[in-house]
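Remarks on the structure that follows.
All of the numbers you see were taken from the coordinates with simple rules; none came from a lab. Keep in mind that this is a model prediction, so the values were computed, not measured. As a convention, Cβ positions derive from the backbone with ideal geometry for all residues, glycine included, and neighbour counts pool all protein chains shown.
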Amino acid sequence: ITALAKSGAVAGIIKLASAGLSFLMFVAVAMVTDEREFGLYSATYAGASLVSFFASVGQQSTVLRFWPQYAGLGDLASAHGLMARAILVALAGLVATSLLIVVVGFLPFIGRGTPEWLPLCVAAAVLSFSL
């Protein structure tokens, strides 16, 4: 149980550090941009976050469900195969959703009022790979 508590504490520290760094990044961006630019940046970041969330197509749940089952049976080859497949499916989902966002950037009727629409869509597609 000590190892479990230690793992939970490490995960919590990583999550807290991530939130802190995101906050500092937003503060830094807010200090060097005007209201419109910051709004566009924030909307793009939120869009990239949504893309990266949906791009995983549920693979984290699949791994959490089946990895312990395979590992508990001592079938590490299947567990590693599951992990490799999950990574490939998540990568394919990320590529597909990112390409979809770029295609949306080219649609003339969606970003008509925002001249930066295409670069924002491309930025969201690229940024989603890091999230």
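Length gain on complete extension for the stretch Ser61 to Ala9, per 0.36 nm per residue less the alpha carbon to alpha carbon distance?
Details: separation 52, 0.36 × 52 = 18.72 nm, distance 2.11 nm.
So the extension gain works out to 16.6 nm.
In the chain, the calculated helix contribution to ellipticity at 222 nm averages -28500 deg cm²/dmol per residue, counting -39,500 (n - 2.57) for every DSSP H run with n ≥ 4. Sequence-ordered 3J(HN,Hα) estimates for segment 91-105 from the Karplus curve with 6.51, -1.76 and 1.60 and θ = phi - 60° stand at 5, 4, x, 5, 5, 5, 5, 5, 5, 4, 5, 5, 4, 4, x Hz, glycine and proline given as x. Here are labelled values, (i) 19.1, 58; (ii) 19.6, 64; (iii) 20.3, 62, and one is the computed Rg and Dmax of the Cα atoms in Å for what I pasted. Which one? From the options (i) 19.1, 58; (ii) 19.6, 64; (iii) 20.3, 62, the structure gives (i). Using R0 = 35 Å, the C-beta based FRET efficiency linking Val103 and Arg36 works out to 0.90. Result for the chain in a Gaussian network model with C-alpha springs under 10 Å: among Ser22, Ser61, Ser98, the largest mean-square fluctuation is at Ser22. Given the options Val89, Val27, Val51, state which has the largest fluctuation in a GNM of the chain using a 10 Å cut-off (strictly under) for Cα springs. Answer for the Gaussian network model of the chain: Val27. Placing +1 on the Cβ of every Lys and Arg and -1 on the Cβ of every Asp and Glu, with nothing else charged, gives the chain a dipole about its Cα centre of roughly 360 debye. Dipole of the chain computed with +1 at Lys/Arg Cβ and -1 at Asp/Glu Cβ about the Cα centre; of Ala55, Gln69, Phe106, farthest Cα towards the positive end is Gln69.
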